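Undergrad: One structure coming up, written as structure tokens, with questions to follow.
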Amino acid sequence: MLTPIRLCLLLAVTSGSGLCGADVAMRVTDKNYLDAQGFSVFLYDSKYHPVFVDQKNTAMEMILHGQRIATNGDVRLMPTPEQWDLVATLNGRQAEKANNTLTANLAFPTFDLSYTLEVAAEPGGVKVTINLDKPLPEKLAGRAGFNLEFLPSLYMGKAYLVDGTTAGIFPRTPGDPMVKVLPLADEPKKAYYLEDWDKVKGYTQPLPFATGKTITLGVDDAQTRVNVTSDTADLMLFDGRSRAQNGWFVLRSLIPAGKTKGAIVWHIRPDVIPNWTRPPMIAHSQVGYAPDFSKVAVIELDPNYNGPKTAKVLRLMADGSYKQAFEGPITPATPWLRYVYSKFDFTPVKDPGLYVIEYADQRTATFPIAKDAYANTWKPSLSHHIPVQMDHVSVREGYRVWHGASHLDDAILAPVVGEQFDGWNQATATDGKYKGGDRIPGMNVGGWYDAGDFDLEEHAQLSVIQSLALGYREFDLKHDQLSVNEAAREVDLHRPDGVPDAVQQVKHGAVYILAQFRAFGHSIRGTHEPDLRQYTHLGDGATKTDGRIYDPNLGLNEVKGDYSGKPDDRWIFSTSNPFLQWNAVAALAAAADTLKGWDDAMAKECLETAIKAWNDEKANPSPSPKGGWNFGGDELEPASGAGVLAASQGTVTGAPTGSATTPAPAAPAVSSIRSEFAVGMDWVAALELTIATKGAEPYKSRLQELFPQVITPKQMEFRGWMAVRALPYLGAGAKEQMREAVKTYMVALDQKMGATPFGVPPSLRTWGGSGAVVDMAIRMYFLHKAFPDLVSPEYTLRAVNYILGTHPVNSTSYVAGVGTVAKTKTYSFNRGDNAYIPGAVVPGYIIIKPDFPESLDDFGFLWFEHEAVVAGSASWVVAGAAAEAITKKAQP
């Protein structure tokens, strides 16, 4: 008997196209994309990023059965372009409802190539057309083609058919022959670091693994099956992973010479399941709930889904059966972006045990109700992810070595003035007694890899120190599961050594900051890779460089003791700014307060250095960045990491941020943020110095002076909440003054948070917004602590539960390895192994514009969804510990 799937496969083989799906009738929506039930096509709703360029989220994109299967549909000059390769300039886009057509006007100005990309509805799918203004320049013949990239995690291991006769399987591992494709003789000159990178790689491109006029992708998978036919040049399938692990499968046709209108014509026919609706998604905390606090799941629904009006909680019994513990109504569905949302409140369930939620035909994974539900949420971040990110030491876990002692050859002053890749910038050729290219002594100590790459971002280092110092002092974090030997450069996980892990991490960060002040007398931008070969390195950080100090007098492969002729030493970008300088003061003061009694000598040096830096900055303020603060074009680009630094200092850097930055909350208009950011930049420095010196001057007076400015409604999220920690040093009326400010703030907060189904800051920017939610958890904990009658503890728990699974798209915990269902593929330095580092906190979902929320679980190579920054983990330690502290009180 022929099953529907087998019949569909047979029809596909014999006809070359999928015939099982419903007739697809696409229409241009009010949001200006083509849509039918089960299938959507976007066209340039987003642009290529000004710093990162290709983020795999722009040009023509296709969503089939609730999954974004394809992206980057446009003319490219290579079969498998990398992140920084040339992209077209978008000059305009139109959506025409009358003929259900999307059009983008594009050009490669340097090649005198202009064209339109048109996506038009036709029976069964869409027609894609490239119309050139004039014939293709001769030098681009065989180079320019239309590319459409398909998500490898959806297709690898699945079948494809070529021309209805030739079958194959999408490879799990790239293995296609590589050929050399030299740059054109008059090709526009790239940045020097891109030219060097191309040379190192040998200008290679893979050959196609399939070629034909018709190709059906995902033949054996009803969810991803799509047929593409070319009326013009052959279709070719390439494996972009041959050039980089983050590559996608690329479907491509070359633009023929001599043609203008209809130079490329494709027909794309998805095999849409008739009347398809997305299954309900039940978002809940993957670590469970405390008995005496609220328990609310959020159910994400397809607008076309017609489901029951109640949901159930079932208890897992000792014999493996499930017993109903509760049934209750779900709230009426409210729309937000693409889906609609209902809430299911099961707060009455309080008995400790293991439970699941059941709605319609969906059942969640098991979760506990327990008094200690949050007790272990933050410990993997403190004792796993953060130590694994430690630079200049080896890190071992049982039989496993995470990495050797890395970057022992750090570092030289950046020899290049101006902007480097990833937004790094050196403002001047000299700094004090050093000139570009000079070795900076003592910089091969301390610090943490920032994220999925290995650079030491200054704002991340300062944020980690401040967050962990805050967590240690506020929650008495004596958790000890690490052995840290700084002198031997050795770290062992799961080996307590009698010193709290938080204290050891604060010390590890402080030694790096102190080294900067010894060398330069000020904070720096950070330590960065000299070339893209190092920047794209995956795996053991100790293998990035040879660990020997570069000596230009030695041959390239010559070694003499601790010196070598290999110029692979990392670069110090010493440019500072007021933001970094004041936060360095705050970090050192916080470190001094934390290290007292554990390392008094270092505590003393930290405090003395912070005081001197305060005095120097007051006497000779650091210049603000030329061109002003970076706001990422139309967005505020924040510091790497949330929590203390981000919330207290406005989350702004003085240069374009790198790939390891965690963007800020969706916040007020940028013009408003600019003005608010300038207020009281030294507030956090004054606060930490006041605490470290037990109320000494002039820091206490500066706190009192700034207090009225930082508790305004706009400042409360940036810095004002930290005034709770300043209250013991302020006047008698300060708490009442702040109480009134908090009242006003809470009214505005409730209104703003009520605009989304999850009651937390939405993720509306180019990077997932989990950092903003962690910020909220910390902020609301301190406001609750000071004003429990105004601020419920539920704000913090709501934010924490969001991170742990109560969020859009899926219910996967954003803390890797924490919770029943948690992230297990993250954009960390081990992403090439499709792996994760426990305790890493990912950015989470983003909106693929205009309205598609996405958070992939099976593909860890999208940095905006998966890159785990070390500062985010440090902030999570504070937020998770706050949730534990709240629920220990066991009072609703």
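The values are calculated or read from the model by the stated rules, or taken from the named source; none is laboratory data. As the structure is a prediction and not an experimental result, all values here were calculated from the model. As a convention, Cβ positions derive from the backbone with ideal geometry for all residues, glycine included, and neighbour counts pool all protein chains shown. Heavy atoms of the whole protein, side chains included, go into the accessibility calculation; ligands, DNA and RNA do not. Shrake-Rupley method; radii C 1.70, N 1.55, O 1.52, S 1.80 Å.
Undergrad: When you check residue 445 against the structure, is it under 30 Å from residue 692 (Cβ atoms), surrounded by fewer than 24 Cβ atoms within 10 Å (Cβ to Cβ) and among the β-branched types (Val, Ile, Thr), yes or no?
TA: Criteria met by residue 445.
Undergrad: Now, a different point. For residue 596, are the conditions met, namely being open to solvent by 40 Å² or more (accessible area, probe 1.4 Å), closer than 21 Å to residue 463 by Cβ and touching a helix residue (DSSP H, G or I) at 6+ places or on another chain (Cβ under 8 Å)?
TA: no
Undergrad: So which of 855, 828 ends up being over 28 Å from residue 335 (Cα atoms) and touching an Asp or Glu at 6+ places or on another chain (Cβ under 9 Å)?
TA: Going through 855, 828 in turn, the sole match is 828.
Undergrad: If you don't mind, there's one more thing I want to ask. Checking the conditions here, which among 96, 149, 118 is modelled with pLDDT of 95 or more and farther than 22 Å from residue 230 by Cβ?
TA: Just a single option satisfies the conditions, and that option is 96.
Conditions (1) farther than 19 Å from residue 296 by Cβ; (2) in contact with a Phe, Trp or Tyr (Cβ under 7 Å, 6 or more places away or on another chain); (3) of a type in the set (A, V, I, L, M, F, W, C), marked per residue:
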| residue | (1), (2), (3) |
| --- | --- |
| 747 | yes, no, yes |
| 752 | no, no, no |
| 756 | no, yes, no |
| 764 | yes, no, yes |
| 787 | yes, no, yes |
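Undergrad: I would also like to ask the following. Take the range 339-353 and flag every residue that is more than 22 Å from residue 39 (Cα to Cα), within 33 Å of the chain's Cα centre (by Cα) and assigned to a strand (DSSP E or B).
TA: Answer for the range 339-353, where residues must be more than 22 Å from residue 39 (Cα to Cα), within 33 Å of the chain's Cα centre (by Cα) and assigned to a strand (DSSP E or B): 342, 343, 344, 345.
Undergrad: Take the range 385-414 and flag every residue that is in contact with a strand residue (DSSP E or B) (Cβ under 8 Å, 6 or more places away or on another chain), assigned to a loop (DSSP other than H, G, I, E, B) and either open to solvent by 10 Å² or more (accessible area, probe 1.4 Å) or of a type in the set (A, V, I, L, M) (or both).
TA: Hits for the range 385-414 are 393, 398, 404, 405, 411, 414.
Residue-by-condition table, conditions (1) open to solvent by 10 Å² or more (accessible area, probe 1.4 Å); (2) more than 14 Å from residue 385 (Cβ to Cβ); (3) touching a residue at least 24 places away in the same chain (Cβ under 8 Å); (4) out of contact with any helix residue (DSSP H, G or I) (no Cβ under 9 Å at 6 or more places or on another chain):
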{"residue": "845", "(1), (2), (3), (4)": "no, yes, yes, no"}
{"residue": "848", "(1), (2), (3), (4)": "no, yes, yes, yes"}
{"residue": "863", "(1), (2), (3), (4)": "yes, yes, yes, yes"}
{"residue": "873", "(1), (2), (3), (4)": "no, no, yes, no"}
{"residue": "880", "(1), (2), (3), (4)": "no, no, yes, no"}
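Undergrad: Filter the strands (runs of 3 or more DSSP E) completely within the range 226-265 down to those with at least 2 residues that are more than 12 Å from residue 146 (Cα to Cα) and of a type in the set (S, T, N, Q).
TA: The qualifying strands (runs of 3 or more DSSP E) are 226-230.
Undergrad: Among the candidates 242, 230, single out the residue that is more than 30 Å from residue 341 (Cβ to Cβ), crowded, with 18+ Cβ neighbours inside 10 Å, more than 29 Å from the chain's Cα centre (by Cα) and small (Gly, Ala, Ser).
TA: Only one candidate passes the filter, namely 230.
Undergrad: While we're on this one: Got a number for residues in the range 55-95 being closer than 19 Å to residue 853 by Cα and without any contact (Cβ under 8 Å) to a residue 60 or more places away in the chain?
TA: 2
Undergrad: Taking the range 415-464 on its own, how many of its residues are assigned to a loop (DSSP other than H, G, I, E, B), within 17 Å of the chain's Cα centre (by Cα) and of a type outside the set (Ser, Thr, Tyr)?
TA: The number of residues fulfilling the criteria is 6.
So that you can scan it fast, the table gives a plain yes or no per residue for (1) within 17 Å of the chain's Cα centre (by Cα); (2) of a type in the set (A, V, I, L, M):
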| site | (1), (2) |
| --- | --- |
| 797 | no, yes |
| 815 | yes, yes |
| 831 | yes, no |
| 849 | yes, no |
| 859 | yes, no |
| 869 | yes, yes |
| 879 | no, yes |
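Undergrad: Now for a separate question. For the range 514-542, give me the residue count where each residue is part of a helix (DSSP H, G or I) and over 25 Å from the mean Cα position of the chain (by Cα).
TA: Adding up the residues that qualify gives 6.
Undergrad: Go through the range 288-301 and give me each residue that's farther than 14 Å from residue 339 by Cα and open to solvent by less than 20 Å² (accessible area, probe 1.4 Å).
TA: Matches in the range 288-301: 288, 289, 290, 291, 293, 295, 297.
Undergrad: May I pose another question? What residue, among those in the range 41-55 that are crowded, with 23+ Cβ neighbours inside 10 Å and not aromatic (Phe, Trp, Tyr), is nearest to residue 127 (Cα to Cα)?
TA: If we take residues in the range 41-55 being crowded, with 23+ Cβ neighbours inside 10 Å and not aromatic (Phe, Trp, Tyr), then 41 is nearest to residue 127 (Cα to Cα).
Undergrad: Now for a different question. Any idea which of 80, 89 is farther than 22 Å from residue 265 by Cβ and surrounded by 22 or more Cβ atoms within 10 Å (Cβ to Cβ)?
TA: Of the residues listed, the single one that is farther than 22 Å from residue 265 by Cβ and surrounded by 22 or more Cβ atoms within 10 Å (Cβ to Cβ) is 80.
Undergrad: Starting from residues that are of a type in the set (D, E, K, R) and out of contact with any Gly (no Cβ under 6 Å at 6 or more places or on another chain), keep the ones in the range 229-247 and report whichever is nearest to residue 174 (Cα to Cα).
TA: The extreme case among them is 239.
Undergrad: Further question on the same structure: Could you give me the residue pairs with C-beta distances under 7 Å whose first residue belongs to the range 140-157 and is under 21 Å from residue 188 (Cα atoms) and touching a residue at least 40 places away in the same chain (Cβ under 8 Å), whose second residue is open to solvent by 10 Å² or more (accessible area, probe 1.4 Å) and assigned to a strand (DSSP E or B) wherever it lies, and which are 6+ apart or on separate chains?
TA: 142/254; 145/254
Undergrad: Among 492, 497, which is at pLDDT 95 or above and surrounded by 17 or more Cβ atoms within 10 Å (Cβ to Cβ)?
TA: From the options 492, 497, the qualifying one is 492.
Undergrad: Go through the range 529-548 and count every residue that is open to solvent by 40 Å² or more (accessible area, probe 1.4 Å) and not polar (S, T, N, Q).
TA: 6
Undergrad: Please find, within the range 799-839, the residue that is most open to solvent (accessible area, probe 1.4 Å) out of those that are closer than 23 Å to residue 282 by Cβ, assigned to a helix (DSSP H, G or I) and touching a residue at least 60 places away in the same chain (Cβ under 8 Å).
TA: Restricting to residues being closer than 23 Å to residue 282 by Cβ, assigned to a helix (DSSP H, G or I) and touching a residue at least 60 places away in the same chain (Cβ under 8 Å), the top hit is 801.
Undergrad: Would you tally the residues in the range 202-222 being surrounded by 15 or more Cβ atoms within 10 Å (Cβ to Cβ), not aromatic (Phe, Trp, Tyr) and not in a strand (DSSP E or B)?
TA: Total satisfying the criteria: 7.
Undergrad: Working only within the range 143-193, note down all residues that are in contact with a helix residue (DSSP H, G or I) (Cβ under 6 Å, 6 or more places away or on another chain), surrounded by 17 or more Cβ atoms within 10 Å (Cβ to Cβ) and closer than 30 Å to residue 419 by Cα.
TA: 193
Undergrad: Output the number of residues of the range 752-798 satisfying the condition of being without any contact (Cβ under 8 Å) to a residue 24 or more places away in the chain, in a loop (DSSP other than H, G, I, E, B) and aliphatic (A, V, I, L, M).
TA: Summing the residues that are without any contact (Cβ under 8 Å) to a residue 24 or more places away in the chain, in a loop (DSSP other than H, G, I, E, B) and aliphatic (A, V, I, L, M) in the range 752-798 gives 1.
Undergrad: Can you tell me which residue is farthest from residue 209 (Cα to Cα) among those in the range 176-185 that are assigned to a loop (DSSP other than H, G, I, E, B) and touching a residue at least 60 places away in the same chain (Cβ under 8 Å)?
TA: 181
Undergrad: Moving on to the next point. Any idea which residue in the range 691-720 is modelled with the lowest pLDDT, counting only those that are of a type in the set (Ser, Thr, Tyr) and open to solvent by 30 Å² or more (accessible area, probe 1.4 Å)?
TA: Looking at residues that are of a type in the set (Ser, Thr, Tyr) and open to solvent by 30 Å² or more (accessible area, probe 1.4 Å), I get 712.
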